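Inspection log for the structure reproduced underneath, given as structure tokens.
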Amino acid sequence: MPDIKHLFTINAPVDAVYRAITDQKGLAGWWTEETRAEPTVGSIAEFRFGERYLNRMKITGLVPDKKVTWECVQGDKEWVGTRFVFDLEEREGKTVTRFEHGNWNEATDLYALCNYHWGRYMTSLKKYCETGK
């Protein structure tokens, strides 16, 4: 099964990056403003993109300042059952970030489109963590 993967370094402390991918305010700062989330394993986070898209992710793992995992439980049919992993590693005050959107059934056009968009969102996450905007 194909996986989307991105590796990049954020010039911010690991705890700031962890908050940006777990707290509602942080997630709304770099992904979509229409976010409802709490950093609790088993909870369902909601990410709405206007009237067109709603993704619900089950928070399946939280290791503070190290790792965050989700599973898509509602969204586009190709997303349901896929997993999202953020692996964080502190290096000299910066955060090496490994992102994976995995467990796709096949490399479809939506897969390719999502790979492009995840690259843009990872740039947004980096900018948010480094500048607060």
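Bear in mind that the values in this text are calculations on the coordinates, not laboratory data. Since this is a predicted model, take the numbers as computed values, not measurements. Quick reminder, even Gly has a Cβ in these numbers, built from the backbone with ideal geometry, and neighbours come from all protein chains shown.
Determine, from the Cβ-Cβ distance of K94 and V73 and an R0 of 30 Å, the FRET efficiency 1/(1 + (r/R0)^6), rounded to the nearest 0.05.
Efficiency, from the Cβ-Cβ distance: 0.35.
For a Förster distance of 30 Å, can you work out the FRET efficiency between the beta-carbons of T32 and A107, rounded to the nearest 0.05?
Step by step, r from the Cβ atoms, then E = 0.75.
For T32, what is the net charge nearby, where nearby means another residue's Cβ is under 10 Å from its Cβ and Lys, Arg count +1, Asp, Glu -1?
-2
FRET efficiency for V80 and Q24, Cβ-Cβ distance as r, R0 = 25 Å, nearest 0.05?
0.65
Given charges of +1 on the Cβ of Lys and Arg and -1 on the Cβ of Asp and Glu, with all other atoms neutral, how large is the dipole of the chain about its Cα centre, in debye to the nearest 20?
The calculation lands at about 200 debye.
Where does region 2-133 land on Rg(C-alpha)/(2.2 N^0.38 Å)?
0.98
Pairs of lysine in region 58-133 with Cα under 29 Å and at least 8 positions apart or on different chains: total?
20
What number, rounded to the nearest 500 deg cm²/dmol, is the helix-based mean residue ellipticity at 222 nm of the chain, given -39500 (n - 2.57) per DSSP H run of at least four residues and division by all its residues?
It lands at -8500 deg cm²/dmol.
Between the helical axis of 109-131 and the dominant principal axis of the chain, each derived from Cα atoms, what acute angle in degrees is found, rounded to the nearest 10?
20
Testing the spin-label approximation: label points 7 Å from Cα along Cα→Cβ at L7 and V41. State their distance in nm.
Distance between the two pseudo-spin positions: 2.7 nm.
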